[in-house]
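**Q** First the structure, which I've put down as structure tokens, then a few questions once you've had a look.
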Amino acid sequence: MKEEKIMLPGLLRGTVSAPPSKSMAHRALICAALASGVSRLYNMEASEDILATAGGLRALGAAVTPGPDYWEIRGIAAGGREAPPEADGAEARVDCNESGSTLRFLLPLFPVLGLSACFTGRGRLGARPLEPYRELLTARGLDWEQENSPFRLRVSGRLSAGEFSLPGDVSSQFVSGLCFALPLLAGDSVVRLTTELESAPYLAMTLSALREFGVEIRPRGPRVYEIPGGQRYVPRATRIEGDYSQAAFFLVAGTLGSDVTVTGLRKDSLQADTAALPLLARLGAHVRQ
């Protein structure tokens, strides 16, 4: 007979390190993979979504090596590519698993580099909207073949610089994907939003990651982004900040009477869930940073 264990209610006490922000990890990993040298990313966590992005970047040609203390990334501009997909006309294959971030962030990179790619996935990935990308790419003569059950998307052709108009209220991930890719083109580009931007803090996180890796995007008002071409990503050693959404559970416990300290959070973080702090203060919590 198994021994019964009884859990009693009580207050928490102690210090906990916030898990790394998956949103920032995606962005730093992509920037490092596009850089012209070797980057080190500290405080990485091998979640399924991050592993999907790492696999997609390997398909792009980057060398991504996870380690116990940091991940080392040799970017495609630094000779990281071991077997160029275009060498024999082969198709790069990207298993996105169930990660919409992986799919939307990486998709524009392959046509910018003139690579054919086949994206696959599972779960509800095929139900995630992709229409803004489909309209943009097919209007520029690229081939787009999509099946949703199971999900399979083939994209081929080369994307050139220019003006890109797309809705902003579907997902900011489409804008982020273009911001990662378009600086690699020789010519200048403009991204123009036809509707209000959805999830603006996430685009702010993208622009912050790009700046850290040496890439400049010039916002011109709330809906226009100028993207100079011919830019080079600069390798970096950087630490992935803690995730405010995960930290919020422990911060709420502190609000309810526990004595909790959460480490690894940036005071100047751009994460949308930093909104938890003023909300907790309104509920009577004493927050010290």
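**Q** At 1.4 Å probe size, put ILE240, ILE6 in order of accessible surface, largest to smallest.
**A** Solvent-accessible surface, decreasing: ILE6, ILE240.
**Q** May I pose another question? Pop out the Kirkwood hydrodynamic radius of the chain from its pairwise C-alpha distances, inverse of mean 1/r, in Å to one decimal. Could the numbers behind the result be given before it?
**A** Values: mean 1/r = 0.0493 Å⁻¹.
Across the chain, the inverse of the average 1/r is 20.3 Å.
**Q** When we measure straight from the Cα of LYS267, which lysines land under 18 angstrom away, once same-chain ones fewer than 8 places off are left out?
**A** Within reach: LYS22.
**Q** Right, next: What residue among ALA62, ALA276, ALA54 has the largest mean-square fluctuation in a Gaussian network model of the chain, using Cα springs under 10 Å?
**A** Maximum among the listed residues: ALA276.
**Q** How many percent of the accessible area of segment 183-254 is carbon or sulfur, using a 1.4 Å probe? It would help to have the intermediate numbers written out before the result.
**A** On the way: 1790 of 3450 Å².
Carbon and sulfur together cover 52 percent of it.
**Q** When the Kirkwood hydrodynamic radius is evaluated over all pairs of different C-alpha atoms of segment 1-53, what value in angstrom, to one decimal, is obtained? Write down the numbers at each step before the final one.
**A** Working: mean 1/r = 0.0677 Å⁻¹.
Evaluated over segment 1-53, this radius sits at 14.8 Å.
**Q** Round to the nearest 10 and report in Å² the accessible area of MET205, as given by a 1.4 Å probe over the protein chains' heavy atoms.
**A** Rounded to the nearest 10, the figure is 0 Å².
**Q** Suppose we take every Cα in segment 184-289 and form the convex hull; what volume per residue is that in Å³? Numbers along the way, then the final one.
**A** Working: hull volume 12.5 nm³, N = 106.
Convex hull of Cα atoms, per residue: 118 Å³.
**Q** Roughly how many percent of the accessible protein surface of segment 52-182 is carbon and sulfur, given a 1.4 Å probe and a whole-percent answer? Before the final figure, lay out each step's value.
**A** Values: 2240 of 5370 Å².
Of the solvent-accessible surface of segment 52-182, carbon and sulfur hold 42 percent.
**Q** Between GLU196 and ASN148, what length comes free when the chain is fully extended (0.36 nm per residue of separation minus the Cα-Cα distance, one decimal in nm)? Kindly include the intermediate steps, with their values, before the conclusion.
**A** On the way: separation 48, 0.36 × 48 = 17.28 nm, distance 2.81 nm.
Length gained between GLU196 and ASN148: 14.5 nm.
**Q** Do you know the relative contact order of segment 21-73, to the nearest whole percent, from alpha carbon pairs under 8 angstrom that are 6+ apart? Spell out each step's value before the answer.
**A** Values: 53 pairs, mean separation 22.7, N = 53.
Relative contact order, segment 21-73: 43 percent.
**Q** Where in segment 7-79 are there chymotrypsin sites (Phe, Trp or Tyr not before Pro) that are in a DSSP coil and have at most 12 other Cβ atoms within 10 angstrom of their Cβ?
**A** Values: sites: TYR42, TYR70, TRP71; in loops: none.
Nothing satisfies the criteria.
**Q** Taking a probe of 1.4 Å, how large is the accessible area per residue of segment 1-82, in Å²?
**A** Details: 4560 Å² over 82 residues.
With the other protein chains kept in place, segment 1-82 gives 56 Å² per residue.
**Q** If amide H atoms are built 1.01 Å from N in the plane of the peptide, which residues on other chains or at least 5 residues away come under 5 Å of the amide H of GLU98?
**A** Here the answer is ARG122, since their amide H atoms fall under 5 Å of that of GLU98.
**Q** At 1.4 Å probe size, with no ligands or nucleic acids counted, give the accessible surface of VAL190 in Å², nearest ten.
**A** 40 Å²
**Q** Here is a follow-up. Could you run the Karplus curve 6.51 cos²θ - 1.76 cosθ + 1.60 with θ = phi - 60° over segment 94-104 and give me ³J(HN,Hα) per residue in whole Hz, x for Gly and Pro?
**A** Using θ = phi - 60°, the values come out as 10, 8, 7, 6, 10, 8, x, 4, 4, 4, 6 Hz.
**Q** Using Cα pairs under 8 angstrom and six or more residues apart, how large is the relative contact order of segment 155-268, in percent?
**A** Values: 161 pairs, mean separation 27.3, N = 114.
About 24 percent, as a whole number.
**Q** Continuing with the same structure: Report, in degrees rounded to the nearest 10, the 0 to 90 angle that the Cα long axis of helix 200-212 makes with the longest principal axis of the chain.
**A** Value to nearest ten degrees: 70.
**Q** Let me ask something else. Under a point spin-label approximation (7 Å from Cα along Cα-to-Cβ), what is the ALA204-LEU8 distance to one decimal in nm?
**A** For ALA204 paired with LEU8, the spin-label model returns 4.5 nm.
**Q** Give a quick list of GluC sites (Glu not before Pro) in segment 148-223 that DSSP marks as loop, anything other than H, G, I, E or B, with at most 10 other Cβ atoms within 10 Å.
**A** none
**Q** Relative to the longest principal Cα axis of the chain, at what angle does helix 172-181 sit, 0 to 90 degrees, rounded to 10?
**A** The angle comes out at about 50 degrees.
**Q** Quick check for you: with a 1.4 Å probe and neighbouring chains kept, what is the accessible area per residue of segment 177-282, in Å²? Don't skip to the end; give the middle numbers.
**A** Details: 5220 Å² over 106 residues.
Per residue, segment 177-282 has an accessible area of 49 Å².
**Q** Normalized C-alpha radius of gyration of segment 136-191, against 2.2 N^0.38 Å? Mind showing how you got there, number by number?
**A** Values: Rg = 12.6 Å, N = 56, 2.2 N^0.38 = 10.2 Å.
Normalised Rg, Cα atoms only: 1.24.
**Q** Which whole-number percentage describes the relative contact order of the chain, with Cα contacts under 8 Å and a sequence gap of 6 or more? Spell out each step's value before the answer.
**A** Numbers: 590 pairs, mean separation 63.8, N = 289.
Computed over the chain, the figure is 22 percent.
**Q** Let me ask something additional. Heavy atoms only, probe 1.4 angstrom, no DNA, RNA or ligands counted: give me GLU131, GLU91, GLU241 ranked by accessible area, highest first.
**A** Numbers: GLU131 80, GLU91 55, GLU241 20 Å².
My answer, sorted largest first, is GLU131, GLU91, GLU241.
**Q** Dimensions of segment 100-243 along principal axes (Cα, Å, largest first)?
**A** Principal-axis extents of segment 100-243 (Cα, largest first): 38, 36, 32 Å.
**Q** Using helices alone, what [θ] at 222 nm do you get for the chain, with -39,500 (n - 2.57) per DSSP H run of 4 or more residues, divided over all residues and rounded to the nearest 500? Present the calculation step by step, with values, prior to reporting the outcome.
**A** On the way: 9 runs with 87 residues, N = 289.
Counting only the DSSP helices, I get -8500 deg cm²/dmol.
**Q** Return the distance in nm (one decimal) between the two label points of a simple spin-label model at VAL287 and ARG232, each offset 7 Å from Cα along Cα→Cβ.
**A** 4.2 nm
The values are calculated or read from the model by the stated rules, or taken from the named source; none is laboratory data. Predicted model only: the values in this text are computed from it and were never measured. Ideal geometry is used to build each Cβ from the backbone, glycine not excepted, and the neighbour counts take in all protein chains shown. For the accessible areas, the whole protein counts, side chains as well, though only heavy atoms, and no ligand, DNA or RNA atoms are used. Shrake-Rupley method; radii C 1.70, N 1.55, O 1.52, S 1.80 Å.
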